[in-house]
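First comes the structure, then the notes that go with it.
Laboratory data are not the source of any read-out in this text; all were calculated from the coordinates shown. As the structure is a computational prediction, the values presented were derived from the model and not from experiment. For neighbour counting, all protein chains shown are included, and Cβ atoms are generated from backbone atoms with ideal geometry for every residue, glycine included.
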Amino acid sequence: MKEKPLAILFDWDNTLVDTWPTIHDALNVTLAAFGKEPWSLDETRSRVRKSMRDSFPKLFGNKWRDAGEVFYERYAAIHVEMLRPTDGAQGMLESLSRTGVYIGVVSNKKGDFLRLEAEHLGWDRFFGAMVGALDADRDKPAAEPVDLALGTSGIARGPGVWFAGDADIDMECAYNAGCTPVLVRDPAPGPGEFNAHPPARHFRDCDALCKFINSL
């Protein structure tokens, strides 16, 4: 990582925006509606990774689509009001947009919600593409959303494309797509936490990532 990236694809939730409280609220409303015990916030943080179509069948069985409707109804009612950028995210996006680095988003949030949140923040102008759950044939950690996010940029998957996120599924997606995995979160990785898909670099927040890129 001695040269500026050609492109950076960001995870959305809890990388660029802090949405754990919103996800936690909507998930517990859904669990309660189907007679299941609520999760603590720590459980939500540790267990929520995959898209709904990849995770809800395990939680709710053949009623997972009904559960999805309950989740999305609650999420739609609260997500814009509760939306908060993570520390340094806006400044980083503004800085990157001036450098000519292609910026995109690959998220397991439903694409319509993803793009609505970006528009609400005035951030849609920063991104060449924003790919959410159900936009590609398969969701993250598959490589298809990465191809869709790079779209018409003319940039091919490879080490010159950084995939930045806060979770193991983001690092896995980077490996699956042949991109450079970048972990953005506080705290630092725990011992053995990312053995399967170790990040090439760790930054505690978006500001630290931005300063590193500007130093290259």
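Structural remarks
- Residues of segment 1-40 that turn out to be free of Cβ contacts under 8 Å to residues at least 24 places away in the same chain and within 18 Å of the chain's Cα centre (by Cα), as a count: 1
- Cβ pairs under 7 Å, 6+ apart, first in segment 188-204 and among the small types (Gly, Ala, Ser), second surrounded by 10 or more Cβ atoms within 10 Å (Cβ to Cβ): ALA188/HIS202; ALA200/MET1; ALA200/THR180; ALA200/PRO181; ALA200/VAL182
- Yes/no for ASP87 being in contact (Cβ under 8 Å) with a residue 60 or more places away in the chain and in a helix (DSSP H, G or I): no
- For segment 153-173, the tally of residues that are without any contact (Cβ under 8 Å) to a residue 24 or more places away in the chain and surrounded by fewer than 17 Cβ atoms within 10 Å (Cβ to Cβ) stands at 4.
- So GLY100, is it surrounded by fewer than 17 Cβ atoms within 10 Å (Cβ to Cβ) and at positive phi: yes
- Qualifying residue in segment 122-142 (condition: surrounded by fewer than 20 Cβ atoms within 10 Å (Cβ to Cβ) and closer than 14 Å to ALA174 by Cβ): yes
- Exactly one residue out of ARG74, ARG65 is more than 21 Å from PRO145 (Cβ to Cβ), among the basic types (Lys, Arg) and crowded, with 16+ Cβ neighbours inside 10 Å, and it is ARG74.
- Looking across segment 23-78, the residues that are within 21 Å of ASP166 (Cα to Cα), out of contact with any helix residue (DSSP H, G or I) (no Cβ under 7 Å at 6 or more places or on another chain) and part of a loop (DSSP other than H, G, I, E, B) come down to SER40, SER51.
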